[in-house]
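Undergrad: The structure that follows is given in the form of structure tokens.
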Amino acid sequence: MSKWFYWNTALLVIVIVRVVTYFSFPKLTLPIIFGLIGFLFFLFNWTRNAVFSTIRNVDDRKTKIKLANLSKKVMPFHRYTGTIALVIIMIHVFFIGYWYGFSFTNIKMIFGLLALINLIFMVMTGWWRLMKPTGKLRRIHLRLGISLFFLITLHVLF
Ligand code: HEM
């Protein structure tokens, strides 16, 4: 199994802990609801990377085929789930701006903003690959995914 499954699970646990320990829980505010849903859409797409890396590393042929078929089934929606993640996160940011405003001295907001910019490029390169499916774009898209994963981790931790 790819190490990304463990990283993804760890981040999911961090986000869940953050949400359930939120002061108003079980009642959640709109920024938190949209932040959580947007994050889940991102994680759903990012798990595909964990599946791919397992396919590359696993020895058992049957498991390889099973995972490849699973990945193929999800693939037609990949660009749409990524785009939905971006739209939902934009709503999250709208509510944050509306309720709290924006501050460059707030580390959570800085990491959030960097994650948003990263997500925009991620979605753009995802659609771009449809028109120009090059290896270079594939690598850029993958690296953007890795940096997005760490930026989101920093955003929820601080
Ligand atoms: C990919 C982009 C983003 C994702 C996936 C995301 C996700 C989340 C999640 C899951 C939470 C709830 C957990 C927590 O409190 O840590 C959250 C909270 C928060 N986010 Fe984001 N976010 C993103 C971008 C942004 C941006 C751009 C900003 C601001 C400019 C922002 C500001 C905040 C703030 C201030 C909170 C705490 C709200 C509160 O305590 O009431 N986020 N975000």
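Undergrad: Which percent of the accessible area of the chain is formed by carbon and sulfur heavy atoms (probe 1.4 angstrom)?
TA: On the way: 7550 of 10180 Å².
So the carbon and sulfur contribution to the accessible surface is 74 percent.
Undergrad: Quick check on my link table: of 73/132; 3/66; 3/73; 66/132; 3/72; 3/62, which ones sit more than 26 Å apart, alpha carbon to alpha carbon?
TA: Values: 73/132 22 Å; 3/66 19 Å; 3/73 23 Å; 66/132 28 Å; 3/72 21 Å; 3/62 20 Å.
66/132, as the Cα separations exceed 26 Å there.
Undergrad: Quick one: P(r) of region 48-140 from all Cα-Cα pairs, 10 Å bins, percents rounded to integers, in order of increasing distance.
TA: With 10 Å bins starting at 0, P(r) equals 14, 33, 29, 18, 6, 1.
Undergrad: So, one more: Please compute the contact order of the chain in relative form: average sequence separation of alpha-carbon pairs under 8 Å and at least six residues apart, divided by the residue count, as a percent.
TA: Working: 124 pairs, mean separation 41.5, N = 158.
In percent, rounded to a whole number, it is 26.
Undergrad: For the chain, take N as its residue count and report Rg(C-alpha) divided by 2.2 N^0.38 Å. Working shown, then result.
TA: Working: Rg = 16.6 Å, N = 158, 2.2 N^0.38 = 15.1 Å.
Normalised Cα radius of gyration, the chain: 1.10.
Undergrad: Compute the acute angle (0 to 90°) between the alpha-carbon long axis of helix 61-74 and the principal axis of greatest extent of the alpha-carbon atoms of the chain; round to the nearest 10°.
TA: It works out to around 50 degrees.
Undergrad: On average, how much accessible surface per residue is there in the chain, in Å², for a 1.4 Å probe, leaving out ligands, DNA and RNA? Spell out each step's value before the answer.
TA: Values: 10180 Å² over 158 residues.
Here the residues of the chain average 64 Å² of exposed surface.
Undergrad: Given the C-alpha centroids of region 1-61 and region 98-114, what is the distance between them in whole angstrom?
TA: Each part reduced to its Cα centre gives a spacing of 22 Å.
The values are calculated or read from the model by the stated rules, or taken from the named source; none is laboratory data. Remember, predicted model here, so these are calculated numbers, not experimental data. These area figures cover heavy atoms from the full protein model, side chains too; ligands, DNA and RNA do not enter into them. Shrake-Rupley method; radii C 1.70, N 1.55, O 1.52, S 1.80 Å.
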